[in-house]
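Novice: There's a structure below that I have some questions on.
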Amino acid sequence: MRRDAQGQAVRMASDEAVAAWNHLVSGYLGYRADAPARLKALLAADAEAPMAHVMRGSFAMLAFNRAYVPAAREAASTAARLAASATPREQAHAAALSAWADGALETALSTWRGILAEHPHDVVAFRMHHFLAFWMGRPEEMAASAASVRPAWDASVPAHSAMLGCFAFAAEESGDQVSAERDGRAAIASDPGDLWAAHAVAHVLEMTGREEEGIAWTSALEPHWEGGSQLVHHLWWHRALFHLQRGETETVLALYDRRFRDLASPLVASHADLYIDMQNAASMLWRLRRLGVGAGPRWEELADKAEARAGDILSAFTLPHWMMAFAASGRWEAGCRWLDAAHQAAEGEGAHAELVGQVALPVSQAILEQARGEPARAVALMKPVLGRMHRLGGSHAQQDVLWQVFLDAAVAAGDREAARRALEWSASRFATPPARRAGWASAASWAVAA
């Protein structure tokens with residue numbers, strides 16, 4: 001049986017198909033915009049390769065868009081049929097995809113863990129697990145997975161630098177900034193175009209309050225981002241955060257319009273409502289709004305996208321961002337309709353629907369209540385779920401905007417105890433004290449006043 005670049009046995013019809021598989025995996029790990037084209041090339045080389053259909057379905061699920069779920073289920077069914085005569089590892093991949101598409105997220109995670117226990121060089125299983133654990137708010141699981149496979153990896157194994165980038169991000173989200181920076185910089189030294197490693201170090205620099213280094217880091221690496229996917233937008237979002245902390249709001253808006261939300265960009269146009277792009281855009285405009293910086297028609301564009309996605313709850317963390325667009329554009333009725341649709345979708349079975357109903361939607365409603373002048377109501381909605389809010393997914397840097405919502409509501413409601421809880425969260429995660437953070441400083445002064 002043929003083997004891939006990492007030595008895994010694969011059921012593929014030719015050496016050409018294996019080469020196409022390796023090219024696809026490299027593109028997937030590297031966040032290359034042409035990854036779908038690489039998948040098409042693999043299917044052209046071998047339309048009956050089980051892992052080709054696993055990746056076809058996985059690409060559908062990676063978009064966090066319910067419209068693509070039927071395609072993912074069809075791909076999972078095809079992969080399972082074709083894998084019946086393939087390896088147990090490939091059969092497990094088909095099972096993991098099927099579980100994911102059916103909303104059985106715990107089963108998907110467990111299946112990938114099982115693959116990695118026997119095949120620590122399976123980069124697809126590792127990265128899928130890494131991705132989903134992150135968006136389920138489980139940095140501890142990301143770190144455990146990294147620790148379990150790391151002994152099997154060294155520079156002699158292809159994709160080692162990509163794995164270092166994952167190790168770095170798992171460490172960063174677990175609070176180990178030293179290890180994260182070490183691994184992230186090592187990955188970049190090996191491959192300056194490694195977007196995930198660049199991203200991991202950007203997080204370190206954000207959390208440790210090193211804005212000038214962050215701007216220099218992303219600026220120096222930008223020439224290597226050509227051909228990257230929407231993760232490039234997120235890297236520019238990180239650069240905007242550095243400028244925001246420095247008070248350079250005009251630069252932030254310029255980055256918004258020309259980099260991470262350039263509506264004329266083919267990459268933006270290809271998936272105009274992609275979850276990560278919506279998060280980038282709404283969270284940055286919300287931060288600017290809190291500082292008194294207007295966004296003009298930018299909110300309207302996001303609110304239009306939000307209305308079109310009513311009832312789609314696949315990405316729990318994106319839901320409050322949709323509501324930010326309704327609140328900032330004053331679309332109260334649309335926001336209420338959107339909440340109704342989301343509540344109806346969250347009535348289904350499963351842990352994800354429960355999380356959406358119990359955490360994401362109270363936070364989303366709080367955003368609407370605060371914008372409509374009901375801050376005490378917003379505090380009451382959010383306070384019971386603060387301890388579970390991280391389970392919506394997103395990094396500390398991304399979750400920060402949700403805590404800012406709670407902070408604003410607490411200040412407006414005159415609730416110093418609630419405000420102090422938000423300030424304590426910030427102080428426990430960011431090296432820069434709240435009294436010196438953009439968007440936090442005035443509330444910090446108010447909360448400690450007699």
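The values are calculated or read from the model by the stated rules, or taken from the named source; none is laboratory data. Here the structure is a predicted model, which is why all the values come from computation and not from measurement. Glycine also receives a Cβ, built like all others from the backbone with ideal geometry; neighbour counts cover every protein chain displayed.
Novice: Any residue in segment 98-110 that is more than 28 Å from residue 311 (Cβ to Cβ) and either out of contact with any strand residue (DSSP E or B) (no Cβ under 6 Å at 6 or more places or on another chain) or at pLDDT 95 or above (or both)?
Specialist: Yes: one or more hits.
Novice: Further question: How about segment 123-211: which helices (runs of 4 or more DSSP H) wholly inside it have at least 1 residues that are of a type in the set (Val, Ile, Thr) and in contact with a helix residue (DSSP H, G or I) (Cβ under 7 Å, 6 or more places away or on another chain)?
Specialist: 123-135, 139-149, 177-190, 195-207
Novice: So, residue 358, is that one over 26 Å from residue 238 (Cα atoms), modelled with pLDDT of 95 or more, surrounded by 20 or more Cβ atoms within 10 Å (Cβ to Cβ) and touching a helix residue (DSSP H, G or I) at 6+ places or on another chain (Cβ under 8 Å) or not?
Specialist: It is false that residue 358 is over 26 Å from residue 238 (Cα atoms), modelled with pLDDT of 95 or more, surrounded by 20 or more Cβ atoms within 10 Å (Cβ to Cβ) and touching a helix residue (DSSP H, G or I) at 6+ places or on another chain (Cβ under 8 Å).
Novice: Would a scan of segment 414-428 turn up a residue that is surrounded by 14 or more Cβ atoms within 10 Å (Cβ to Cβ), at negative phi, outside any loop (DSSP other than H, G, I, E, B) and touching a His at 6+ places or on another chain (Cβ under 9 Å)?
Specialist: No; the residues of segment 414-428 include none that is surrounded by 14 or more Cβ atoms within 10 Å (Cβ to Cβ), at negative phi, outside any loop (DSSP other than H, G, I, E, B) and touching a His at 6+ places or on another chain (Cβ under 9 Å).
Novice: Would you pick out the residues in segment 439-450 that are in a loop (DSSP other than H, G, I, E, B), touching a helix residue (DSSP H, G or I) at 6+ places or on another chain (Cβ under 9 Å), of a type in the set (Gly, Ala, Ser) and surrounded by fewer than 17 Cβ atoms within 10 Å (Cβ to Cβ)?
Specialist: Passing the criteria: only 449.
Novice: May I pose another question? Any idea which residue in segment 385-413 is nearest to the chain's Cα centre (by Cα), counting only those that are of a type in the set (S, T, N, Q) and part of a helix (DSSP H, G or I)?
Specialist: 398
Residue by residue, here is whether (1) closer than 28 Å to residue 59 by Cβ; (2) of a type outside the set (A, V, I, L, M, F, W, C) holds:
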residue	(1), (2)
244	no, no
250	no, yes
269	yes, no
289	no, yes
295	no, no
322	yes, no
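Novice: Here is a further query. Among all residue pairs at least 6 apart or on different chains, which show Cβ distances below 6 Å where the first residue, located in segment 110-131, is farther than 13 Å from residue 163 by Cα and the second is among the β-branched types (Val, Ile, Thr)?
Specialist: 116/149
Novice: List the number of the failed condition for residue 431; all other conditions in (1) crowded, with 17+ Cβ neighbours inside 10 Å; (2) among the small types (Gly, Ala, Ser); (3) at pLDDT 95 or above hold.
Specialist: Here residue 431 meets the rest and fails (1).
Novice: Further question on the same structure: Give me a count of the residues in segment 239-273 that are without any contact (Cβ under 8 Å) to a residue 12 or more places away in the chain, more than 17 Å from residue 227 (Cβ to Cβ) and of a type in the set (Gly, Ala, Ser).
Specialist: Residues flagged as without any contact (Cβ under 8 Å) to a residue 12 or more places away in the chain, more than 17 Å from residue 227 (Cβ to Cβ) and of a type in the set (Gly, Ala, Ser) within segment 239-273 amount to 2.
Novice: Here are 12, 51, 61: which of them is in a helix (DSSP H, G or I), touching a residue at least 12 places away in the same chain (Cβ under 8 Å) and over 20 Å from the mean Cα position of the chain (by Cα)?
Specialist: Answer to the check: 51.
Novice: Another question, if that's okay. With respect to the numbered conditions (1) over 26 Å from residue 211 (Cβ atoms); (2) under 25 Å from the mean Cα position of the chain (by Cα), which one is the sole condition not fulfilled by residue 438?
Specialist: Condition (1) is where residue 438 drops out.
Novice: Does residue 160 meet the test of being free of Cβ contacts under 8 Å to residues at least 60 places away in the same chain, surrounded by 23 or more Cβ atoms within 10 Å (Cβ to Cβ) and outside the structural domain of residue 348 (by TED's automatic domain parsing)?
Specialist: The answer is no for residue 160.
Novice: When residues of segment 306-325 are filtered for being buried (at least 18 other Cβ atoms within 10 Å of the Cβ) and not in a loop (DSSP other than H, G, I, E, B), how many remain?
Specialist: 9
Novice: Related question: Within segment 362-403, can you find the residues that are of a type in the set (Lys, Arg) and farther than 16 Å from residue 423 by Cα?
Specialist: Hits for segment 362-403 are 372, 377, 388, 391.
Novice: Has segment 16-38 got any residue that is modelled with pLDDT of 95 or more, surrounded by fewer than 17 Cβ atoms within 10 Å (Cβ to Cβ) and in a loop (DSSP other than H, G, I, E, B)?
Specialist: yes
Novice: Would you confirm, using the coordinates I've provided, whether residue 256 is of a type in the set (Ser, Thr, Tyr), more than 26 Å from residue 356 (Cα to Cα) and touching a helix residue (DSSP H, G or I) at 6+ places or on another chain (Cβ under 8 Å)?
Specialist: Spelling it out, residue 256 is indeed of a type in the set (Ser, Thr, Tyr), more than 26 Å from residue 356 (Cα to Cα) and touching a helix residue (DSSP H, G or I) at 6+ places or on another chain (Cβ under 8 Å).
Novice: Scan segment 400-413 and tell me whether some residue there is surrounded by fewer than 23 Cβ atoms within 10 Å (Cβ to Cβ), over 26 Å from residue 448 (Cα atoms) and of a type outside the set (S, T, N, Q).
Specialist: no
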